[in-house]
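Below is one structure, written out as structure tokens; comments come after it.
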Amino acid sequence: MKEKVNQLSPEDVQLFTSMEGNYLSEEERIFFDTLKYKEEYELATMNELLLIEEDNEDNLYFIRIYADEYEIGLGATKEHFQSLAEALQMQLSKIGMHANDCTFGQWLQRRNYKGIHYDRNIELQ
């Protein structure tokens, strides 16, 4: 087994623990299991594009930075987060999606994580 390169934040430990065994779909399980593994074992110092604008009708992007930081954006508007838990709680209206009054986590869940890619870490290619 690989050596851990990062210690999960307390917020993400709580998030992953609360989700374990409570997934609403296989895609949701894959999302949380994969990001937990990536946060612990794979650095993304050059960023990892988890979701690009072209892969969703709302033109959002979602980037993992270094180990467990994230950025969500719409056009030139973006928000930076210190944990996945924090990113998933962001209200989409904060980046200008006023027609969609939900959190980023709810948005992902509604679309069953469609468009998320787990193979865009440049450092592993």
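Things to note:
- Pairs beyond 25 Å (Cα-Cα), from 4/94; 36/114; 94/114; 38/114: 4/94
- Evaluating kT/(6 pi eta Rh) at 37 °C and 0.692 mPa s, with the Kirkwood radius of segment 1-55 over Cα pairs in the Stokes-Einstein relation, gives 260 µm² s⁻¹.
- Seen from every direction in turn and averaged, the convex hull around the alpha carbons of segment 62-101 projects onto 2.7 nm².
- Scanning residues 5 or more positions from residue 67 or on other chains, those with amide H under 5 Å from its amide H are 44, with H placed 1.01 Å from N in the peptide plane.
- MRE, 222 nm, helices only [DSSP H, n ≥ 4, -39500 (n - 2.57), over the chain, to nearest 500]: -9000 deg cm²/dmol
- Dimensionless Rg/Rh of segment 23-81 - Kirkwood Rh, Rg from C-alpha atoms: 1.00
- Shape annotation for the chain: C-alpha extents along the principal axes are 44, 32, 24 Å, from largest to smallest.
Every number in this text was worked out from the coordinates using simple rules, so none of it is lab data. This is a predicted model, so every value here is computed, not measured.
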